[in-house]
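Here the structure is laid out as structure tokens; the discussion comes afterwards.
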Amino acid sequence: MARVSLVYGSVFLKHETGGHIESKNRVSATYDYLESTPLFKNLTVMDPRPATEKDITLVHSKTYYDMIRSLPNKEMRYLDPDTIFAPGSLDAALNAAGATTLAVDKIKADSIDAAFCLVRPPGHHARPERAMGFCIFNNVAIAAAYATRICGFERAAIIDFDVHHGNGTQEMFYGDPAVLYCSLHQWPFYPGTGLPDETGSGKGRGKTVNVPLPPRSGEGVYMQAMRDLVLPAVRAHKPSIVFVSAGFDAHENDQLGGMSLKADSFRKITEAIRLVASETCGGKIVSALEGGYNLKALAASVHAHLEALVD
């Protein structure tokens with residue numbers, strides 16, 4: 001049984017988005033559900049910590065970081081047509097990023113084998129100099145850069161199974177040979193990136209693997225894509241640590257997605273990720289919540305994801 005931590009705190013409820021679909025209920029309902037299950041006793045719950053300026057500016061510009069830090073914290077505003085910044089949002093965003101770097105530190109210290117960061121706001125659309133698609137800071141990208149540039153992990157792999165392509169993450173590592181980015185996502189769909197010919201540039205050429213999938217794709221299509229494209233790329237990259245952008249909006253009941261996965265499908269996807277992580281890096285995995293908006297489906301899918309990480 002793997003030593004798995006759940007990184008979560010009430011700070012993520014402070015990102016008040018009103019009636020927006022990316023609401024605090026996503027994480028509170030999921031945590032409450034996990035706490036009610038037998039699985040919970042096998043998890044070590046850790047409080048998050050805020051990311052530092054040094055952490056965040058590994059992938060975001062200092063100009064963007066300073067702009068976010070300077071925003072008045074007294075009223076709700078939109079950073080882009082989809083992304084809310086409100087009182088409490090800065091604390092939540094800093095801790096969402098810091099949760100992932102904390103997990104890296106705990107894995108490096110051999111305190112845990114893997115972690116799931118139940119965080120919000122999500123991160124994979126956040127670009128170097130702008131917020132996008134509900135995302136303020138790119139949590140997983142920050143962690144991958146922190147691991148490879150600060151903590152001495154030679155190579156990292158990011159597997160992103162959110163229904164939307166992680167355009168921000170791709171952009172941040174497009175020329176970086178140390179970080180492999182693999183994305184399975186619905187196509188055509190928001191944000192309009194993630195075609196197979198987007199493979200990286202310069203020294204990073206070949207280190208971006210995009211797998212666009214047609215609407216209503218189900219478990220069989222996803223698992224074949226994992227077997228044929230994602231897992232071989234990860235094995236060839238030989239990561240020292242694996243990151244997961246864990247979006248659960250490819251569930252068949254999700255309001256924003258158009259795919260046909262079930263909660264148990266995420267268990268099987270995660271089992272495949274855990275297997276390749278075991279083969280390449282001793283099972284070192286840091287996973288962080290991205291999308292997933294049907295509360296019941298999200299809770300069940302996260303539970304299945306964590307069961308696969310623990311077993």
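The values are calculated or read from the model by the stated rules, or taken from the named source; none is laboratory data. Keep in mind that this is a model prediction, so the values were computed, not measured. Here the Cβ is made from the backbone with ideal geometry for all residues, glycine too, and neighbour counts use every protein chain on show.
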> Within the bounds of the stretch 95-110, is there any residue that is over 25 Å from Asp249 (Cα atoms) and either modelled with pLDDT under 95 or part of a loop (DSSP other than H, G, I, E, B) (or both)?
Replying inline: yes
> Lys62: surrounded by fewer than 16 Cβ atoms within 10 Å (Cβ to Cβ) and not small (Gly, Ala, Ser), yes or no?
Replying inline: yes
>> List the residue pairs whose Cβ atoms are under 6 Å apart, where the first residue sits in the stretch 11-40 and is crowded, with 16+ Cβ neighbours inside 10 Å, the second is part of a helix (DSSP H, G or I) and of a type in the set (Phe, Trp, Tyr), and the two are 6 or more positions apart or on different chains.
In response: Val27/Phe12; Leu34/Phe40
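Condition check ((1) touching a Lys or Arg at 6+ places or on another chain (Cβ under 7 Å); (2) at pLDDT below 95; (3) closer than 18 Å to Asp113 by Cα; (4) of a type in the set (Asp, Glu)) across all residues:
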| residue | (1), (2), (3), (4) |
| --- | --- |
| Glu271 | no, no, yes, yes |
| Cys281 | no, no, yes, no |
| Lys284 | no, no, yes, no |
| Ala288 | no, no, yes, no |
| Asn294 | no, no, no, no |
| Ser301 | no, no, no, no |
| Ala304 | yes, no, yes, no |
| Glu307 | yes, no, yes, yes |
> Residues in the stretch 152-172 that are buried (at least 24 other Cβ atoms within 10 Å of the Cβ), more than 19 Å from Cys281 (Cα to Cα) and not polar (S, T, N, Q): how many?
Replying inline: 8
> Restricting the search to the stretch 90-142, which residues are surrounded by fewer than 24 Cβ atoms within 10 Å (Cβ to Cβ) and of a type in the set (Ser, Thr, Tyr)?
Replying inline: Ser111
